1. Return yes or no: is MET310 more than 16 Å from the ligand (Cβ to nearest atom), crowded, with 19+ Cβ neighbours inside 10 Å and closer than 24 Å to LEU76 by Cα?
2. Which of the residues belonging to segment 240-284 are surrounded by 23 or more Cβ atoms within 10 Å (Cβ to Cβ) and among the acidic types (Asp, Glu)?
3. In segment 260-290, which residues are more than 23 Å from ASP136 (Cα to Cα), among the aliphatic types (A, V, I, L, M) and in contact (Cβ under 8 Å) with a residue 40 or more places away in the chain?
4. Suppose we filter segment 42-81 for residues that are under 26 Å from SER231 (Cα atoms), of a type outside the set (A, V, I, L, M, F, W, C), more than 16 Å from the ligand (Cβ to nearest atom) and within 15 Å of the chain's Cα centre (by Cα); how many remain?
5. Tell me which residues, restricted to segment 266-306, are within 18 Å of TYR60 (Cβ to Cβ) and aliphatic (A, V, I, L, M).
6. Of the residues that make up segment 192-208, is at least one surrounded by 22 or more Cβ atoms within 10 Å (Cβ to Cβ), of a type in the set (D, E, K, R) and more than 21 Å from THR22 (Cα to Cα)?
7. List every residue pair whose Cβ atoms lie under 7 Å apart, where the two residues are 6 or more positions apart in sequence or sit on different chains, the first residue falls within segment 240-259 and is among the hydroxyl-bearing types (Ser, Thr, Tyr), and the second residue, located anywhere, is within 10 Å of the ligand (Cβ to nearest atom).
8. Scan (1) in a loop (DSSP other than H, G, I, E, B); (2) surrounded by fewer than 17 Cβ atoms within 10 Å (Cβ to Cβ); (3) touching a helix residue (DSSP H, G or I) at 6+ places or on another chain (Cβ under 8 Å) for the single condition LEU287 breaks and write down its number.
Amino acid sequence: MVMWPLRDEKVKYFMTMRLYDTAQVAVVDIELDDHVRMYVCGITPYDSTHLGHAATYLTYDLIIRRLEDLGHTVQLVRNVTDVDDSILPKARELGIDFLELAETEMNRFSEDMVALNARQADSEPRATESIKGIVDLIGTLVTRGHTYTTEGTTYFDVTTFPAFGKLSHLTDQEMVALAAERGGRPDDPKQRNPLDFVLWQPSANGEPSWDSPYGSGRPGWHIECSAMSMSALGPALDIHGGGADLIFPHHECEIAQSESVSGEPFSKYWVHAGLVAYQGTKMSKSLGNLVFVSDLRKEIDPRAIRLALMAHHYRSGFEWFDDEGPRAQKDLELLVRSAGGAEPVKVGPLIDQVRNALDDDLDTPRVHQLLLNEAQAIEGGVASASPGCLVASASLCGIEL
Ligand SMILES: [Zn+2]
């Protein structure tokens, strides 16, 4: 199979990365200062890292690697949602303290991320350690008239933020339906508007509880991220990321809270990663079909997991099939063999094309093909093919050959 003519294709070069911005509904030039503030919604540590997590976090890892390659420094903050509506019932079910469950799963997540060669976050704030900031932020929202309290629960009043919906571009009806599906309580009679959301609520029996001016209780999920991102990175971020299922309601609510306090755009760009399905079915905990990274790592090299994920575009919610792992392992072996332990060479047609493909809305399927084509060209004895450039290009994508 001869595939290397791709190397001679005419390439359109971009001056900067171009990425799809959810708010602008378009692929746009990502214009950034030297220092980039990136916030990515992290895990709720109640279950092991599955392939969907890996695909999401490796998407931002690749963006960071390319931004650094372009000369930026990137400050990555990835929170840990260690108190919310999903971790508490799971800890109860297991009969252990929620913080113990969080600790175990956070360690597993870190091990998986290290194995996948993902950049470490500069900080990983935990919701339970950010309660003061959360309470203070709610205080500002209260003072400015964005809230109301009914029977001990404090809500954000969406009528005080007319731009609500500007990220997801959904109609009110669509937002109400999605809120119900994703943990919101639009039919809660205590709410004035079905789209209002919880900032602070009384804890149920056995749940953790903190004192606050709004009564003792615990925070809502959305306010946690507004508080953690603003305290770590300031009121305005450059890039905010997370899985596409967070666009609404989570990120829409973050915008309403944060901008009501700061009066400025919360994030310059919103970049979302698509969701992974398994053999044709949505990958979800309730369906019991999660593919865990720790299991996959027993079968194939973690570098092959990265390579396999690169074959899918980050925005195209993709399906994972069991034969992809072994195929990626073979592809990785081809890359390693053709690289032959060469020293990295950061100049050459291959790395130019790889950089260009990354800049083109993170076109990793193209990068994947470029790497394999180069490896085949090396094995086929094509004189212009460069093992050193292959090593540098793969390294740029987090794969050390
Ligand atoms: Zn978040």
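1. yes
2. Listed by number, the residues that qualify are GLU252, GLU254.
3. Within segment 260-290, VAL271, ALA273, LEU275, VAL276, ALA277, MET283, LEU290 qualify.
4. 3
5. Scanning segment 266-306 gives VAL271, ALA273, LEU275, VAL276, VAL293, ILE305.
6. Yes: segment 192-208 contains one or more residues that are surrounded by 22 or more Cβ atoms within 10 Å (Cβ to Cβ), of a type in the set (D, E, K, R) and more than 21 Å from THR22 (Cα to Cα).
7. Pairs found: SER258/SER226.
8. That leaves (3) as the condition not met.
The values are calculated or read from the model by the stated rules, or taken from the named source; none is laboratory data. Small disclaimer: the values here were computed from a predicted structure and weren't measured. Cβ atoms come from the backbone with ideal geometry, glycine included; neighbour counts cover every protein chain shown.
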